[in-house]
Amino acid sequence: MEELPDWTHRREHIESRAERKGSNEKNIPVEWANEAYADPLAIDFIPDYASKTGEGMRRIGWSDSAGFLISIITVRDDTGHLWGATAFRSNTYDQVSYTEEES
């Protein structure tokens, strides 16, 4: 099985997205984020095209439990540990990128 992000420090962040961002947003349970991360058809942007530091990685994958695409942002520390930074319902650009890769 592929390595999954460690959400130890960011679980509350992704699971309370709607409370922080508004009712148009979805809270993302860690289980949904991990399901999308493990999607065999997931696509990666390394580095994340929106990263300010160039250290973030973006993976876009489908979550059956959520019923939609989720964008997962991760970073690796100096020891190689994979940390989950954030996860959210994929925006239009990410959705198009995923469906173009499927074709």
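With neighbours defined as other Cβ atoms within 10 Å of a residue's Cβ, the residues LYS26, LYS21, LYS52 order from fewest to most as LYS52, LYS21, LYS26. If you take the Cα centroid of the stretch 66-103 and the Cα centroid of the stretch 2-56, the two points sit 6 Å apart.
Footprinting exposure proxy ranking of VAL96, VAL30, fewest other C-beta atoms within 10 angstrom first, gives VAL96, VAL30.
Translational diffusion coefficient, Stokes-Einstein: compute it for the chain using the Kirkwood radius over C-alpha pairs as Rh, at 20 °C and 1.002 mPa s, and state it as an integer in µm² s⁻¹.
Numbers: Rh = 13.7 Å.
Answer, rounded: 157 µm²/s.
Pairs of Cα atoms nearer than 8 Å and 6+ residues apart set the relative contact order; for the chain it is 26 percent. Placing +1 on each Lys and Arg Cβ and -1 on each Asp and Glu Cβ, with no other charges, gives the chain a dipole about its Cα centre of roughly 480 debye.
Give the order of TYR49, TYR98, TYR37 when sorted by the count of other beta carbons within 10 angstrom, beginning with the fewest.
Working: TYR49 11, TYR98 19, TYR37 22.
Ordered from fewest to most neighbouring Cβ atoms within 10 Å, TYR49, TYR98, TYR37 come out as TYR49, TYR98, TYR37.
Bear in mind that the values in this text are calculations on the coordinates, not laboratory data. All values reported here derive from a predicted model rather than from experimental measurement. With ideal geometry, Cβ positions are generated from the backbone for all residues, glycine too; neighbour counts draw on all protein chains shown.
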